[in-house]
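*Asks:* What follows is a structure written as structure tokens; I'll ask about it next.
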Amino acid sequence: MATGNVNSFNVLTNHNNIVNFITEIDTEEHQILQWLSPLEPQRRHQAVRTGRLDSIGNWILETTQFREWSDREDGYVEPLLFCCGSPGVGKTYLR
Amino acid sequence: MIDRLCDQAEGKDIAVVGLYCDFLSHQEQSITNMLGAILKQLSRRGEIPKDIREAFQKAREEFGGRGLQLSDLVEIMKKVIASLSRVFICIDALDESTPQHRQELLQSLQEIVRGSRNTRIFLTGRPHIEDEIMGSFGKVVRIPLSPTRDDIESYLEMKLSRDTDPYAMDDELRADIMRVIPEKTSKM
């Protein structure tokens, strides 16, 4: 029984070593990206996409404010667009 | 918004990056984590920029890989943005970050935008943070968002069509829902 435990522990250790080893030889790119930030906003983005109804809030894309902000290439445009509203109106879910 | 901008950017030298401030713990939403997450997305577009690679090597030699200082982060970000034709930074639920983090983030973004013609920032949040945004940027284009009647009807239809127990509701109740809710919410 004792041996069994030791063995299983060894297996686990080996397994962890393998995992560590894989992480270590992981590409430098991956290490750099992790070093820049542990946050992964694209995961939350996926969740938002799934719960979204594409037609909602499309009117905003037709406003002059949005068009100027997104399309104008010269420097004569305010760089900041602030979309404000009460909680729950759907700010996060604009397509 | 991110998806719409991505559709526009496809095939062009335009980057669209995003950050969600809700669901971030106090510790996670440090300014370096948040700006780092933006830089990280900018770096995912092919080769990692040389400046980032060099800063990483240097940090690893100096103190076993300590993170970037805020000032370095801003400087590198400016260089990376300058190498692209346009960059859209979308930050959602800014009002849900703490006042201190929000202040730091706005100041850093302002510094990045200053002297760069190709950066566009899209922020969402409750109206009360507008003063803070003005404090950092001086000027802001504001679009107040309230759902239109069409938006509410589409949303209700979607929710009703996904009802897990559709037979529990008769046509009359369904019609009532479709009539009363849009009416009440448009008066809000």
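The values are calculated or read from the model by the stated rules, or taken from the named source; none is laboratory data. These figures come from a predicted structure and were not determined experimentally. We place every Cβ from the backbone using ideal geometry, glycine too, and count neighbours over all the protein chains shown. Only protein heavy atoms, including side chains, enter the accessible area calculation; ligands, DNA and RNA are left aside. Shrake-Rupley method; radii C 1.70, N 1.55, O 1.52, S 1.80 Å.
*Asks:* For the stretch B:172-188, does any single residue satisfy the condition of being in a helix (DSSP H, G or I), more than 19 Å from A:Gly85 (Cα to Cα) and within 19 Å of the chain's Cα centre (by Cα)?
*Replies:* Within the stretch B:172-188, not a single residue is in a helix (DSSP H, G or I), more than 19 Å from A:Gly85 (Cα to Cα) and within 19 Å of the chain's Cα centre (by Cα).
*Asks:* Kindly provide the set of residues from the stretch A:32-65 that are touching a strand residue (DSSP E or B) at 6+ places or on another chain (Cβ under 7 Å) and either more than 7 Å from chain B (Cβ to nearest Cβ) or open to solvent by less than 30 Å² (accessible area, probe 1.4 Å) (or both), ordered by number. Show your work before the answer.
*Replies:* Filtering the stretch A:32-65 down to residues touching a strand residue (DSSP E or B) at 6+ places or on another chain (Cβ under 7 Å) leaves A:41, A:44-45, A:60, A:63, A:65.
Residues satisfying the conditions are A:Pro41, A:His45, A:Ile60, A:Thr63.
*Asks:* Whether any residue in the stretch B:70-82 is in contact with a Leu (Cβ under 8 Å, 6 or more places away or on another chain), within 9 Å of another protein chain (Cβ to nearest Cβ) and either within 30 Å of A:Arg67 (Cβ to Cβ) or of a type in the set (D, E, K, R) (or both) is what I want to check. Steps first, please.
*Replies:* Here is the first cut: in the stretch B:70-82, the residues in contact with a Leu (Cβ under 8 Å, 6 or more places away or on another chain) are B:70, B:73-74, B:76-77, B:80-81.
Retained after the next criterion (residues that are within 9 Å of another protein chain (Cβ to nearest Cβ)): B:73.
Going one step further and asking which of them are either within 30 Å of A:Arg67 (Cβ to Cβ) or of a type in the set (D, E, K, R) (or both), we end up with none.
Looking through the stretch B:70-82, none of the residues is in contact with a Leu (Cβ under 8 Å, 6 or more places away or on another chain), within 9 Å of another protein chain (Cβ to nearest Cβ) and either within 30 Å of A:Arg67 (Cβ to Cβ) or of a type in the set (D, E, K, R) (or both).
*Asks:* Taking the stretch A:66-93, which residues are surrounded by 12 or more Cβ atoms within 10 Å (Cβ to Cβ) and modelled with pLDDT under 75?
*Replies:* Scanning the stretch A:66-93 gives A:Val89, A:Gly90, A:Lys91, A:Thr92, A:Tyr93.
*Asks:* Looking at the stretch B:135-171, which of the residues that are more than 25 Å from A:Asp54 (Cβ to Cβ), part of a helix (DSSP H, G or I) and more than 10 Å from every other protein chain (Cβ to nearest Cβ) is nearest to the chain's Cα centre (by Cα)?
*Replies:* B:Gly135
*Asks:* On the basis of being at pLDDT below 80, under 15 Å from B:Met1 (Cβ atoms), of a type in the set (D, E, K, R) and in a helix (DSSP H, G or I), does A:Arg49 make the cut?
*Replies:* Details: at pLDDT below 80: yes; under 15 Å from B:Met1 (Cβ atoms): yes; of a type in the set (D, E, K, R): yes; in a helix (DSSP H, G or I): yes.
Spelling it out, A:Arg49 is indeed at pLDDT below 80, under 15 Å from B:Met1 (Cβ atoms), of a type in the set (D, E, K, R) and in a helix (DSSP H, G or I).
*Asks:* May I ask you to list the residues in the stretch B:74-94 that are in a helix (DSSP H, G or I), over 14 Å from B:Leu19 (Cβ atoms) and of a type in the set (A, V, I, L, M, F, W, C)? Please lay out each step first, then the result.
*Replies:* Narrowing the stretch B:74-94 to residues in a helix (DSSP H, G or I): B:74-82, B:94.
From what's left, over 14 Å from B:Leu19 (Cβ atoms): B:74-76, B:78-82.
Hits for the stretch B:74-94 are B:Val74, B:Ile76, B:Val80, B:Ile81, B:Ala82.
Here's the yes/no breakdown for (1) within 11 Å of A:Cys83 (Cα to Cα); (2) out of contact with any Lys or Arg (no Cβ under 6 Å at 6 or more places or on another chain); (3) more than 9 Å from chain A (Cβ to nearest Cβ):
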position	(1), (2), (3)
B:Val87	no, yes, yes
B:Leu109	no, yes, no
B:Arg117	no, yes, no
B:Pro127	yes, yes, no
B:Ile133	no, yes, no
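*Asks:* Looking only at the stretch B:8-62, which residues are buried (at least 23 other Cβ atoms within 10 Å of the Cβ) and among the charged types (D, E, K, R)?
*Replies:* B:Lys40 - this is the single residue of the stretch B:8-62 that is buried (at least 23 other Cβ atoms within 10 Å of the Cβ) and among the charged types (D, E, K, R).
*Asks:* Just for the stretch B:15-58: of the residues that are outside any loop (DSSP other than H, G, I, E, B) and more than 10 Å from chain A (Cβ to nearest Cβ), which one is nearest to B:Glu75 (Cα to Cα)? Break it down into steps so the answer makes sense when it comes.
*Replies:* Narrowing the stretch B:15-58 to residues outside any loop (DSSP other than H, G, I, E, B): B:15-20, B:31-43, B:50-58.
Still in the list and also more than 10 Å from chain A (Cβ to nearest Cβ): B:15-16, B:31, B:50-51, B:54, B:58.
Details: B:Ala15: 18, B:Val16: 19, B:Ile31: 14, B:Lys50: 13, B:Asp51: 10, B:Glu54: 13, B:Lys58: 16 Å.
It comes out as B:Asp51.
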